[in-house]
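The values are calculated or read from the model by the stated rules, or taken from the named source; none is laboratory data. Note that the structure is a prediction, hence the values are computed from the model and not measured. In this analysis, Cβ positions are derived from the backbone assuming ideal geometry, glycine residues included, and neighbour counts consider all displayed protein chains. All accessible areas refer to the heavy atoms of the entire protein, side chains included, with ligands and DNA or RNA removed. Shrake-Rupley method; radii C 1.70, N 1.55, O 1.52, S 1.80 Å.
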Amino acid sequence: MVGLALPVEARADGFPATAALADKGFVVGAQARLLDSGESLGSIAPDQQMTPASVSKLYTAAAALKQWGPQKRFTTELRSDGVIVDGVLKGDLFLDGGGDPGMTSEDYWLLVQGLASRGIRRIDGRVLASQWRFGPVNCITTDRCDARTRTRHAFDAQLTSTAVDFATWCMRVMPGAAEGVPARISSCAGPATLTRVDNRVTTVSQGSTGISAERTTVNDEDTMVLSGQIQLGSAPTSVYRSSADPAAQTLKTLESLMSDAGIAVTGGFAATSSRPAETTQVLSAVEGKPLQEQLLRMLNYSNNFMADVLALDLASGTPSMASAGAALDAFATGIPGHGPVDMRSGSGLTPESQTSARGVTALLDHMYHQPALFPVFVAGMQTPVNGPMNFIRRGSQRFQQSVMLKTGTLNEPVPVRAVAGYFRTQSGRWGAFTVMVNGRAPTPYINWTTTLEAVASDIDVMIASH
C-alpha cells in the first residue's frame, strides 16, 4: 500500500490549546489527521518550515528501514594478512569498523575471544583501528565542536564508523569503605577505568548522593573529573560522558580486553584512515544486533550518536554530515505530500534542519501504510504511561495510554519543543499528529510541561471524538 496524499488544509480549530502558545511569542506548526481516510482533524501553519530537533530521528529510522529492512546487521571484523605461527600473529591486525551504531564492550570482548580461540597469544605488529568508512567526522554543531576539549554531557559524542559504547565513557562510582574516604571508581564494563580519572568524590554518612562529572581533554588524553559525594552503603552510580576521540576509546578497550585474554601486542595501537587490503583475511567477526533492536534503543533514548551514525551509513559517496543529510532529504522527498525538507543530520542536533508539520505527518502516514515496516517503526516510540522519560507523562490517562510519540528538544540558539507520533481514537481508528514549537530568540523559554499539556489537551479531544 502507498501512503495517502495529504490534501490542502485550512482548519486550525483542532488545536486551540496549542495555538495559544503562539500568543507567548513562539512559532507554532501543527497538523493531525486520521490515517484511514486522510480526514483533517486540525492544523496550524502546517507548511511553516521549522526546526524539528530529535523528531528528525523518525526520518532516520524510516529511511534505514526502507533501505535495509528490520533484520539488517552491521559486521565488525578483525583482519590481517599476517601468518599465525606457534600462537604468534606475524603482522598488523586491523579493526575494520562496519559503521555499527550499537557496538558495545561486550561485542569487542567477543571479537577478542575470536582471536583467542585461534590460539593467538601474541601479535608481532600493530593493532590499527580503521576508520576508512567515516571518521573522525568533522563537527558542525557547537555542542560537538566544544566537546572535542571538554563536556558535561553524553549527547554530544563524536562520530566514527569504529566506535564502542556509543563513543561514551561510563564510570561506576561506589562508596568507599568508611566516611571521609574517596569513592571507588571503575569502568561500567569492568574494573579498569581505561582513561584517566580525577576522583574528587567523598564518601559521607549523612546527606544524599550528588555527583557531577566533566570530561576534559589535554594533549589527546581524556580525563573524567568526578566530584561531589556518595552516601556510605549506597548502590553504585553510573556516570556517562562522551569521549573526545571514539577510535582512541575503542583502541583502549581492545588493549584492555586483549591483555585480559593474554594476548600481547608488540607494535602498539593506533587509528588509521586506510582500508584493510583485499589480501587481509578475517580472523574474528561480530554481527551487531538487528536494525529493529537498534532503532528501539535509538528512538526510546533519543540516542544522537546512533542516529547520526545510521545517517552516515545511508550516505552516498564519502560520508559526511552533508551527504548524510542529503540521503535523508532524498528519502523524504519521495514521500507523497511531504513538501520541502532540509535535514542537516540524522539526530536533530543541528538547529539548521528544517521541515514542516505537514512533512512529518506525511512521513508518519507513509510508514503506517508499510505493513512490513510499521510495527518496527512504531515500536521505538514512547507511550507516555510506560515511557522511560518521566517528563512525557502529561495529560489525561486516555491520552497517555492512546498515543505513541517521539519528542525533540533544543535550547540553543532558540528553544525548540517538537512532538510527533500516532494515536488511537476511542473507536480504534489510527491518527497521526505533529506539533513543533520554535522560539524566535533565546527567550522566552518554554518548558515541556507547558508544551505537552497543551498538545495533550488537543489530541485528547480528537481521541475522544472519533
Relative contact order [Cα under 8 Å, 6+ residues apart], the chain, whole percent: 24 percent
Size of region 335-466 along its principal axes in angstrom, Cα-based, largest extent first? 42, 32, 26
Computing the accessible area with a 1.4 Å probe over protein heavy atoms, can you report the carbon and sulfur percentage for the chain? 49 percent
Rg/Rh (Cα only; Kirkwood hydrodynamic radius) as it applies to region 27-109: 1.31
Grab the other residues whose beta carbon is less than 9 angstrom from that of THR450, score K and R as +1, D and E as -1, and report the net. +1
In sequence order, what are the phi-derived ³J(HN,Hα) couplings for region 22-38 according to the Karplus relation 6.51 cos²θ - 1.76 cosθ + 1.60 with θ = phi - 60°, rounded to whole Hz, with x for glycine and proline? 5, 5, 8, x, 9, 8, 10, x, 8, 7, 9, 7, 7, 8, 7, 10, x
Amide H within-cut-off set for GLY125, under 5 Å, with H built and near neighbours excluded: GLY91, THR266, GLY267
Helix-derived mean residue ellipticity, 222 nm - over the chain, DSSP H n ≥ 4, -39500 (n - 2.57), to 500: -8000 deg cm²/dmol
Once phi is turned into ³J(HN,Hα) by the Karplus curve 6.51 cos²θ - 1.76 cosθ + 1.60 with θ = phi - 60°, what whole-Hz value does each residue of region 201-206 show in order, with x for glycine and proline? 8, 10, 7, 10, 9, 10
How high is the relative contact order of region 411-466, in percent, counting Cα pairs under 8 Å that sit 6 or more residues apart? 41 percent
Cα lying deepest toward the dipole's positive end in region 239-312, options ALA244, LEU291, LEU257, charges on Cβ: ALA244
Distance cut-off 13 Å, percentage of C-alpha pairs in region 339-387 lying past it: 68 percent
For region 247-385, what is the Kirkwood estimate of the hydrodynamic radius, computed as the reciprocal of the mean inverse distance between distinct Cα atoms, to one decimal in Å? 18.2 Å
Counting only other residues whose beta carbon sits under 11 Å from that of PRO136, what net charge do I get with K and R as +1, D and E as -1? +1
Helix 321-333 sits at what angle to the longest principal axis of the chain, using alpha carbons and giving 0 to 90 degrees rounded to 10? 40 degrees
Measuring from the lowest to the highest alpha carbon on each principal axis, how far does region 13-75 reach, largest first, in angstroms? 51, 30, 17
Computed from every Cα-Cα pair in region 157-274, P(r) in 10 Å bins starting at 0 and rounded to whole percents is 14, 40, 29, 14, 3, 0
Where only C-alpha atoms are counted, convex hull volume of region 275-317 per residue in Å³: 107 Å³
For region 316-410, what is the Kirkwood estimate of the hydrodynamic radius, computed as the reciprocal of the mean inverse distance between distinct Cα atoms, to one decimal in Å? 15.1 Å
The chain - convex hull of alpha carbons, volume per residue in Å³: 153 Å³
For a quick check of your reading of the filter: which chymotrypsin sites (Phe, Trp or Tyr not before Pro) in region 277-383 sit in a DSSP loop and have no more than 15 other Cβ atoms within 10 Å? TYR301
On alpha carbon coordinates alone, what is the Rg over Rh value for region 84-151, Rh being the Kirkwood radius? 1.12
Hull surface over four for the Cα convex hull of region 211-294, reported in nm², is 9.9 nm²
How large is ³J(HN,Hα) for each residue in region 403-409, as worked out from phi by the Karplus curve 6.51 cos²θ - 1.76 cosθ + 1.60 (θ = phi - 60°), to whole Hz, x for Gly and Pro? 10, 10, 9, 10, 9, x, 9
In Å, the Kirkwood hydrodynamic radius of region 1-155 over pairs of distinct alpha carbons? 21.3 Å
Counting only protein heavy atoms and rolling a 1.4 Å probe, one gets per residue an accessible area for region 1-157 in Å² of 41 Å²
Just to confirm the number: angle between the C-alpha axis of helix 105-117 and the first principal axis of the chain, 0 to 90 degrees, nearest 10? 40 degrees
